[in-house]
1. Residues Ala62, Ala57, Ala70, Ala138: which one is among the small types (Gly, Ala, Ser) and over 20 Å from Val37 (Cα atoms)?
2. Show the residue pairs meeting these rules: Cβ distance below 8 Å; 6+ apart or different chains; first residue within the range 87-100 and assigned to a loop (DSSP other than H, G, I, E, B); second residue surrounded by 10 or more Cβ atoms within 10 Å (Cβ to Cβ) and small (Gly, Ala, Ser).
3. Return the pairs, sorted by first residue and then second, in which the second residue is polar (S, T, N, Q), the first residue lies in the range 31-54 and is assigned by TED's automatic domain parsing to the domain that holds Lys20, the beta carbons are less than 6 Å apart, and the residues are 6+ apart or on different chains.
4. Suppose the filter is modelled with pLDDT under 95 and either of a type in the set (A, V, I, L, M, F, W, C) or within 14 Å of the chain's Cα centre (by Cα) (or both); does Asp55 pass it?
5. So which residues in the range 56-70 are in contact with an Asp or Glu (Cβ under 9 Å, 6 or more places away or on another chain) and either assigned to a loop (DSSP other than H, G, I, E, B) or under 19 Å from Pro86 (Cα atoms) (or both)?
6. If you check Val21, Val46, Val37, which single one turns out to be assigned to a strand (DSSP E or B) and over 18 Å from the mean Cα position of the chain (by Cα)?
7. Residues in the range 1-16: is at least one within 23 Å of His93 (Cβ to Cβ), exposed (fewer than 12 other Cβ atoms within 10 Å of the Cβ) and modelled with pLDDT under 95?
Amino acid sequence: MNSLIVAKILKPQGIKGELKVASYTDSPEDLQAFDAVYVGGNRYKVLKVRPQAGDLAYISLAGIADRNAAEELRNEDVVVDRDEIPALPDGAHYIADVIGCEVVTREGEVLGVVSDIVPARTDVFEYVKPNGGKVVFAAADGVIADIDTAGKKVTVDKARLSEVAIDD
């Protein structure tokens, strides 16, 4: 299965098997788009999703009817089949698809490989340089020229990058 992790189960909520999750999507409301998810390798029908403030949500899964069953899923990833995920608008990318992409300048200079992205109002990228050091930068206006997930490449404007990057 070609899959994507969309949330992490934090703990049981209440006595009826509901689960508190941290969503890895842009908004916890996005979890409502999934009819089924995989947890611990098992497929569960999604019965209900209650989005909460921040990145939290409460989710009810078929077959998880009490707190004891929910407790067994604590700290597990919530995974969806990529064939079942909604299409993204033009210019949007799944973080999992960008991690591992080469970071290159418009001139073709390879700067490193994307190792992490922290979603925020302005996403924060981290890449590992060829020599092993790390660079962190905000995806502020003009920094990223193009993201090509199929070609595994993030093209940046070197001058603009130098204004916002923090090199360790």
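1. After ruling out the rest, the residue left standing is Ala138.
2. These pairs meet every condition: Ile99/Ser115.
3. Leu31/Ser23; Leu47/Ser60; Lys48/Ser60; Val49/Gln32
4. Details: modelled with pLDDT under 95: yes; either of a type in the set (A, V, I, L, M, F, W, C) or within 14 Å of the chain's Cα centre (by Cα) (or both): yes.
It is true that Asp55 is modelled with pLDDT under 95 and either of a type in the set (A, V, I, L, M, F, W, C) or within 14 Å of the chain's Cα centre (by Cα) (or both).
5. Ala57, Ile59, Ile64 - these are the residues of the range 56-70 that are in contact with an Asp or Glu (Cβ under 9 Å, 6 or more places away or on another chain) and either assigned to a loop (DSSP other than H, G, I, E, B) or under 19 Å from Pro86 (Cα atoms) (or both).
6. On the way: Val21 fails: over 18 Å from the mean Cα position of the chain (by Cα); Val37 fails: over 18 Å from the mean Cα position of the chain (by Cα).
After ruling out the rest, the residue left standing is Val46.
7. Within the range 1-16, the first condition is being within 23 Å of His93 (Cβ to Cβ), and the residues that meet it are 1-8.
Those still in the list that are exposed (fewer than 12 other Cβ atoms within 10 Å of the Cβ) too: 1-2.
Filter once more, keeping what is modelled with pLDDT under 95: 1-2.
Within the range 1-16, one or more residues are within 23 Å of His93 (Cβ to Cβ), exposed (fewer than 12 other Cβ atoms within 10 Å of the Cβ) and modelled with pLDDT under 95.
Conditions tested, residue by residue: (1) surrounded by 17 or more Cβ atoms within 10 Å (Cβ to Cβ); (2) farther than 27 Å from Asn2 by Cα; (3) not acidic (Asp, Glu).
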site	(1), (2), (3)
Lys48	no, no, yes
Asp66	no, yes, no
Glu72	no, no, no
Asn75	no, no, yes
Val110	no, yes, yes
Pro119	no, no, yes
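The values are calculated or read from the model by the stated rules, or taken from the named source; none is laboratory data. In this text, all values refer to a predicted model and were calculated from it rather than measured experimentally. In this analysis, Cβ positions are derived from the backbone assuming ideal geometry, glycine residues included, and neighbour counts consider all displayed protein chains.
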